[in-house]
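*Asks:* Below is the structure I would like to discuss, written out as structure tokens.
Read-outs throughout are calculated quantities, based only on the coordinates presented, and are distinct from any laboratory measurement. Not measured: the values here are computed from a predicted model. Every residue, glycine as well, gets a Cβ built from its backbone with ideal geometry; the counts of neighbours run over all protein chains shown.
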Amino acid sequence: MVQDQAFRLRQMTRQRQARHSAPSRLLPLVVVTGGKGGVGASTIAYQTANSLTQTGHRALFVEADLDRGSRVGTSNAGLTLVDCLQTGVPLLDVVCETSDGTATIPGAWAPSRLAEYSATAQKRLLSELQELRDRFDVALIDLGSGRNEFVRRFWGAAAMAVVVTTSEPT
């Protein structure tokens, strides 16, 4: 095959396009859930995020257990994950830092409204979580023990699921 003068330039352009069209790094989403309430899934999710933060990693704790309410309060503006889902408040506006330095997206008690949070709203939320990939190394998502569609969509988006169990009979 005869190569013209622009062969190398075309080859370099293709290589550059391939590099830039490759998907960027995804923020690993780790969902933490329990087989039933009270097994410690929320504690494990939060303490893992906190431990990662204390050892220099950029961890984000997302309180998505809307059956149990907030354990860590609200953002400085009083916003929670529910505000993102209901009104489209940007997720970054809800991120706050707890007293021990853990970056957190606080939740709120809203079990009767879970059906209102459409797949579209949650897809936007998950997309906004991915936009935080340059700020955080991992997001730990507390899902509690729910099994509804809201929870299942998080499972589907997760890189890893941690299921907390107990040997105590129910």
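*Asks:* Residues that are surrounded by fewer than 18 Cβ atoms within 10 Å (Cβ to Cβ): list the helices (runs of 4 or more DSSP H) wholly contained in the range 76-170 that include at least 3 such residues. Don't jump to the end; show me each part of the working.
*Replies:* Working: elements: 81-87, 119-131, 149-157.
Fully inside the range 76-170 and qualifying: 119-131, 149-157.
*Asks:* Which ones in the range 39-61 are surrounded by 13 or more Cβ atoms within 10 Å (Cβ to Cβ) and without any contact (Cβ under 8 Å) to a residue 12 or more places away in the chain?
*Replies:* Of everything in the range 39-61, those that are surrounded by 13 or more Cβ atoms within 10 Å (Cβ to Cβ) and without any contact (Cβ under 8 Å) to a residue 12 or more places away in the chain turn out to be Thr43, Gln47.
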